[in-house]
Amino acid sequence: MDRRRRAVKDEQKQERRQAIIDVAWQLFQGTPYQAITMAEVAERAGLAKGTVYLYFKTKEELFLAVQEQLFQSWFDELDARLGAGQGQSSAVSETICRSLERRGALASLLAILHTVLEQNVDFDAALRFKRMLLDRITRTGALLEGCLTFLRPGQGPGVLLQIYALIIGVEHLSNPAPAIRQVLREPGMQASTPTTPAGEGLGGPQAPPKPSPAG
């Protein structure tokens with residue numbers, strides 16, 4: 001389909017929406033969020049800028065959709081592995097850590113989810129995202145309880161939320177602002193530096209761009 005022609009059928013609209021999400025994800029893996037513009041997304045997707053706004057009202061709404069697909073992919077992997085009966089604590093920890101390592105930029109996007117992305121979306125977009133997240137945390141939490149038998153019923157989602165908060169915190173600490181990075185190089189300041197090297201993020205150096213958040 002010529003992307004500059006108007007999408008009429010639902011399939012064409014979904015294809016175009018996915019193309020916009022894919023481009024945004026590719027850009028994010030190599031460009032700071034604040035430097036990405038909707039005009040650049042449109043150009044990379046082969047669309048007019050106004051067309052992008054037909055699908056996403058704001059840049060924040062676009063990247064919330066990117067985050068949604070990343071979450072779906074991550075939870076799908078966790079569900080498959082936890083459902084396979086990896087029941088020891090060490091195996092569960094390894095599963096979660098390895099899944100995050102394969103998604104280095106997921107932590108970077110999570111770090112701006114609450115402070116940036118959720119600040120400029122409408123009610124419908126926010127409700128859709130939160131419902132998806134609640135559903136996935138509930139389902140994966142139940143699988144986690146099945147693997148870690150010391151967890152009581154209903155505790156699995158809480159553990160996942162603690163992991164979620166930890167990911168965001170570590171990502172913030174491991175990516176300080178340039179001025180703070182300079183301060184941390186001063187003698188005696190290394191003790192306040194997290195063990196993860198600055199700039200690498202939770203999952204280490206950023207992986208090369210992938211074609212789709214869902215992949």
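Can you compute 3J(HN,Hα) from phi for each residue in the stretch 40-49, using the Karplus curve 6.51 cos²θ - 1.76 cosθ + 1.60 with θ = phi - 60°, rounded to whole Hz and x for Gly and Pro?
Whole-Hz 3J(HN,Hα) from phi for the stretch 40-49: 5, 4, 4, 4, 5, 7, x, 10, 6, 4.
Run the numbers on the stretch 49-119 and let me know its relative contact order in percent, using alpha-carbon pairs under 8 Å that are six or more apart.
Relative contact order here is 49 percent.
Of TYR164, TYR33, how do they rank once you tally other Cβ atoms within 10 Å and put the fewest first?
Arranged by neighbour count, lowest to highest, TYR164, TYR33 become TYR164, TYR33.
Round to the nearest 0.05 the FRET efficiency obtained for ALA48 and ARG131 when R0 = 45 Å and r is the Cβ-Cβ distance.
That pair, ALA48 with ARG131, gives E of 0.90.
Any idea what the dipole of the stretch 1-56 comes to, in debye rounded to 20, about its Cα centre with Lys/Arg Cβ at +1 and Asp/Glu Cβ at -1?
240 debye
Which value, in debye to the nearest 20, describes the size of the charge dipole of the stretch 1-152 about its Cα centre when Lys and Arg Cβ atoms bear +1, Asp and Glu Cβ atoms bear -1, and nothing else is charged?
Dipole about the Cα centre, nearest 20: 360 debye.
Bear in mind these aren't lab numbers, they're just calculated from the coordinates by the rules spelled out. This structure is a prediction, so every number in the text was calculated from the model and none was measured. Heads up, the Cβs are rebuilt from the backbone with ideal geometry, glycines too, and the neighbour counts pull from every protein chain shown.
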